[in-house]
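Visitor: Dumping the structure here so I can ask a few things about it.
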Amino acid sequence: MPRTEKFDELARILEGLRRLPELNEMKPGVFYVKRRAFLHFHESATARHADVRNGTDWGEPIELPLGRVSTTASTKFLREVRTRLDATINA
């Protein structure tokens, strides 16, 4: 998970996630659906990705660029999260 100051780089994404009424942010950057872990972030010196559930299992990690995430990348990420969220809710 990114350090707290790194959350500024994910501001658009976090804002979009927080607007989804099905998600509960249990701690910064960690989201649950009902009582089940749904999404969290990982970051190293060379890469960043999100683990996002897809139905009953974890889907493939979603890669995110290091640094501030663009509007285009944020929109694409949130679209994929919405698809996976629907699959998870309906599983």
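Visitor: Restricting the stretch 26-43 to residues that are closer than 17 Å to F7 by Cβ and charged (D, E, K, R), which is most open to solvent (accessible area, probe 1.4 Å)? Before you say what the answer is, go through the steps one by one.
Guide: We begin by selecting, within the stretch 26-43, every residue closer than 17 Å to F7 by Cβ; these are 26-31, 39-43.
When the remaining residues are screened for being charged (D, E, K, R), the result is 27, 43.
Values: K27: 119, E43: 53 Å².
This residue is K27.
Visitor: Residues of the stretch 72-91 being closer than 18 Å to E15 by Cα and either open to solvent by less than 80 Å² (accessible area, probe 1.4 Å) or of a type in the set (G, A, S) (or both), which ones?
Guide: Once the filter is applied, which keeps residues that are closer than 18 Å to E15 by Cα and either open to solvent by less than 80 Å² (accessible area, probe 1.4 Å) or of a type in the set (G, A, S) (or both), the stretch 72-91 yields A73, S74, T75, F77, L78, E80, V81, R82, R84, L85.
Visitor: Still on this structure: For D8, work out the one condition from (1) surrounded by 13 or more Cβ atoms within 10 Å (Cβ to Cβ); (2) touching a residue at least 40 places away in the same chain (Cβ under 8 Å) it doesn't fulfil.
Guide: The number of the failed condition is (1).
Visitor: Whether any residue in the stretch 44-63 is surrounded by fewer than 15 Cβ atoms within 10 Å (Cβ to Cβ), more than 12 Å from the chain's Cα centre (by Cα), under 17 Å from A11 (Cα atoms) and of a type in the set (A, V, I, L, M) is what I want to check.
Guide: no
The values are calculated or read from the model by the stated rules, or taken from the named source; none is laboratory data. Quick caveat: nothing in here was measured; it's all calculated off a predicted structure. Here the Cβ is made from the backbone with ideal geometry for all residues, glycine too, and neighbour counts use every protein chain on show. These area figures cover heavy atoms from the full protein model, side chains too; ligands, DNA and RNA do not enter into them. Shrake-Rupley method; radii C 1.70, N 1.55, O 1.52, S 1.80 Å.
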